[in-house]
Amino acid sequence: MSTYTSTLGGRHYRFGSLARLLAAASPERSGDRLAGLAAESAQERVAARWALADVPLTAFLAEPVIPYETDDVTRLILDTHDTGAFAAVAGLSVGGFREWLLAADTSQLAALAPGLTPEMVAAVSKLMGNADLVAVARKVSVVTAFRSTIGLPGRLATRLQPNHPTDDPAGVAAALLDGLLLGSGDAVIGINPATDSPKAVRDLLELLDGVIQRYAIPTQSCVLSHVTTSMDLMERGAPVDLVFQSVAGTQAANASFGVTLGLLDEAYEAAKALGRGTVGSNVMYFETGQGSALSADAHHGVDQQTVEARAYAVARRYDPLLVNTVVGFIGPEYLYDGRQILRAALEDHFCGKVLGLPMGLDICYTNHADADDDDIATMLTMLGVAGASFVICTPGGDDIMLNYQSASYHDALYLREVLGLRPAPEFEAWLDSIGLLGEGGEIRDVSGTTHPLTAIGRELAA
Amino acid sequence: MTISQEVSVDRDLWPSLRRHTQARIGLGRAGTGLPTHHRLELQAAHAAARDAVHSPFEPDVVATALRGEPTVRVRSAAPDRLTYLQRPDLGRRLDPADRAHLPVGEWDVVFVVADGLSSRAVHEHGAAMVRATTALLPTAWQVAPVVLAEQARVALGDDVASAMGAEMVVVLVGERPGMSAADSLGAYLTYRPKPGVTTDADRNCLSNIRPPLGLTYETAAAKLAGLMGRARELEITGVGLKDESDHMEVSERLL
């Protein structure tokens, strides 16, 4: 292993490996401290960044942060690396790469994506300020489609998340109506079920499919269950649109989720074979988030942001419709407060986008973290400027199943209004066709009037 | 039907729909924002949840509600709440001094009632779940004294079961408080847990035990006891053990 050194303020700093250097260069966060990987002082952190700026990008191909022999995610990263695409930046150091990214245009960034590894983008993000992360991500366009088209410039899609703590169909339907009337659901109508039992998951899938078909909504449903449950249900003919799975950046962390790359390969093929998309064939929905590898004690001494970026290599293999970093979900032991959550959100979004993924975010926090609804507003605004493909929305920002706070449907309306963003084109046309779109393209407030969609609710109320 | 009648029908819709869910639906709008009273209600709920996280665990409350069932009290290696919140590794390990107090035996199962992130959930539902579940277990099963664990996370149960020689552990833990539920209990079942080796994928989870709004004790206990029987038959819990009825899950998002 190489060693990396720098001198700052008359003091000499030495980092014993690329993984050590990356960890020390990372912005302050509680998870790296918990793992014993964080820089010991503010000065050591900056010294690490000076050293990192001089590291050639080719070093990341020569020195994997987790050995090739022991980790299938490392093998995936190196075996699928596109050296032709990499040629554009192959002669650069990490510091030079930062400047290249800031100056690059949209088409250069798109051409480069297959030539980048997660470690390269994680490294360069550590040299970037929050504004840099926004500026570069904003230029990247990643477009995917199933029944709606996600990721077009000037568009912001939302996941309508009508969760219920006991999966009560009436409760789910009531929340579904609320979200639709607020113009939400073009990225996906997605439920986190309280159970992973195939029967309960199937009931929810059929409920969502019924509403989508009845009102001809150009969107897709997902009940976020384990990939094995989805495979079982697909075999039995259940209406599965998207296959969901939580993924992480190491083989061992994925094992703690009960998944392997082989299992994901099988699920991907099965979902594609169903051919349920109308305007596109991206069939996978992945969720990630900093801290999951550490939580599973499967981080191999790699800092949590670099491991998170490696999860995007797993996602990239399956041309997903949506990749959602659930940024503040796990808790303060990984991201302590609103400031750390914001930084992680911008890093994740940047890294995923630059690697070629349709990145969206669950901008969220738990009640044991030091954050509040003002942090949601700040993050939402920055991620909107950065061009996030979609955000997760819950009624009033309060998820009653997972017990955390996320953005609300109102927050998404705010973001679309202040930044002039519009829903996915197919969904926008549908909103117009059912009278939910105002003359200026805004979502009409129909809460006090009749609307055809309220038939969903009137049947429940009867 | 006149327009005014139509309007009144739909103004009445949301109250009737709210019977089906605690979700904050039909809040109305002021421009793209929330009406003021809803915004303040959300802030009040957030404040209550923040306070719940920091309320101390009182093992006496659970011990009293267990009405004479034998109990043992332990602490994790996390000395206080602030450390606990930032050091999950400490919350997963027993305080070494307490390990020696745990009774070793041929236990089929040990119940661990752990404060987790809401001692309120444990005070209100912990004892009732232990009683409801043990009532459904075969009489031949050796049930260990109930372990009451402070500053404890789910995986502390692995350490407890291993120290006591128990074949199976059920951790009843206070889930992190949401804004609509500060008293929700989770149940995690693990067969032959090994500290440091057992992963999240090796557990089965039942969440949102919180009658009357969440799962009732009777329903939760029936599912849990059924799963414990099958775990013993198949000698496994986690991804490999699916409940074909309903309401059991592999949690990917443990405390």
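The values are calculated or read from the model by the stated rules, or taken from the named source; none is laboratory data. It should be emphasised that the depicted structure is a prediction, and the values quoted were computed from it without experimental measurement. All Cβ positions, glycine included, derive from the backbone under ideal geometry; neighbour counts span all protein chains shown.
Restricting to region A:266-312, what's the tally of residues that are acidic (Asp, Glu) and either under 20 Å from the mean Cα position of the chain (by Cα) or not in a helix (DSSP H, G or I) (or both)? Break it down stepwise before answering.
Initial filter on region A:266-312 (acidic (Asp, Glu)): A:266, A:269, A:287, A:297, A:303, A:308.
Adding the requirement that they be either under 20 Å from the mean Cα position of the chain (by Cα) or not in a helix (DSSP H, G or I) (or both) leaves A:287, A:297, A:303, A:308.
Total satisfying the criteria: 4.
Checking residue B:85 against (1) within 28 Å of residue A:337 (Cα to Cα); (2) away from chain A (no Cβ under 14 Å); (3) in contact with a His (Cβ under 7 Å, 6 or more places away or on another chain): exactly one of these is not met. Which one?
In the conditions (1) within 28 Å of residue A:337 (Cα to Cα); (2) away from chain A (no Cβ under 14 Å); (3) in contact with a His (Cβ under 7 Å, 6 or more places away or on another chain), residue B:85 misses (2) alone.
Tally the residues that are over 29 Å from the mean Cα position of the chain (by Cα) and at the interface with chain B (Cβ under 9 Å from one of its Cβ atoms), restricting the search to region A:407-461.
Within region A:407-461, residues that are over 29 Å from the mean Cα position of the chain (by Cα) and at the interface with chain B (Cβ under 9 Å from one of its Cβ atoms) number 12.
What is the number of the single condition among (1) at negative phi; (2) touching a helix residue (DSSP H, G or I) at 6+ places or on another chain (Cβ under 6 Å) that residue A:387 does not meet?
So the condition that residue A:387 fails would be (1).
Pull up region B:87-138, narrow it to residues that are more than 25 Å from residue B:223 (Cβ to Cβ) and small (Gly, Ala, Ser), then point me to the one that is surrounded by the fewest Cβ atoms within 10 Å (Cβ to Cβ).
Out of the qualifying residues, it is B:100.
When the residues of region B:182-199 are filtered to those that are surrounded by fewer than 24 Cβ atoms within 10 Å (Cβ to Cβ) and at the interface with another protein chain (Cβ under 9 Å from one of its Cβ atoms), which remaining residue is nearest to residue A:368 (Cα to Cα)?
B:199
Which condition from (1) within 22 Å of residue A:151 (Cβ to Cβ); (2) buried (at least 24 other Cβ atoms within 10 Å of the Cβ); (3) among the β-branched types (Val, Ile, Thr) is the one that residue A:278 breaks?
Checking residue A:278 against (1) within 22 Å of residue A:151 (Cβ to Cβ); (2) buried (at least 24 other Cβ atoms within 10 Å of the Cβ); (3) among the β-branched types (Val, Ile, Thr), the one that fails is (2).
Does residue A:22 qualify as being on the phi < 0 side of the Ramachandran plot and not in a helix (DSSP H, G or I)? Break it down into steps so the answer makes sense when it comes.
Working: on the phi < 0 side of the Ramachandran plot: yes; not in a helix (DSSP H, G or I): no.
The answer is no for residue A:22.
Determine whether region A:244-251 contains at least one residue that is in contact with a strand residue (DSSP E or B) (Cβ under 8 Å, 6 or more places away or on another chain), of a type in the set (A, V, I, L, M) and modelled with pLDDT of 95 or more.
Yes; the residues of region A:244-251 include at least one that is in contact with a strand residue (DSSP E or B) (Cβ under 8 Å, 6 or more places away or on another chain), of a type in the set (A, V, I, L, M) and modelled with pLDDT of 95 or more.
From A:17, A:30, A:41, which residue is surrounded by fewer than 19 Cβ atoms within 10 Å (Cβ to Cβ), among the polar types (S, T, N, Q) and over 21 Å from residue A:118 (Cβ atoms)? Write out each step before concluding.
Values: A:17 fails: over 21 Å from residue A:118 (Cβ atoms); A:30 fails: surrounded by fewer than 19 Cβ atoms within 10 Å (Cβ to Cβ).
None of the other options fit; the residue is A:41.
Per-residue answers, yes or no, for (1) over 15 Å from the mean Cα position of the chain (by Cα); (2) outside any strand (DSSP E or B):
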position: B:206; (1), (2): no, no
position: B:213; (1), (2): no, yes
position: B:219; (1), (2): no, yes
position: B:225; (1), (2): yes, yes
position: B:230; (1), (2): yes, yes
position: B:233; (1), (2): yes, yes
position: B:236; (1), (2): yes, yes
position: B:241; (1), (2): yes, yes
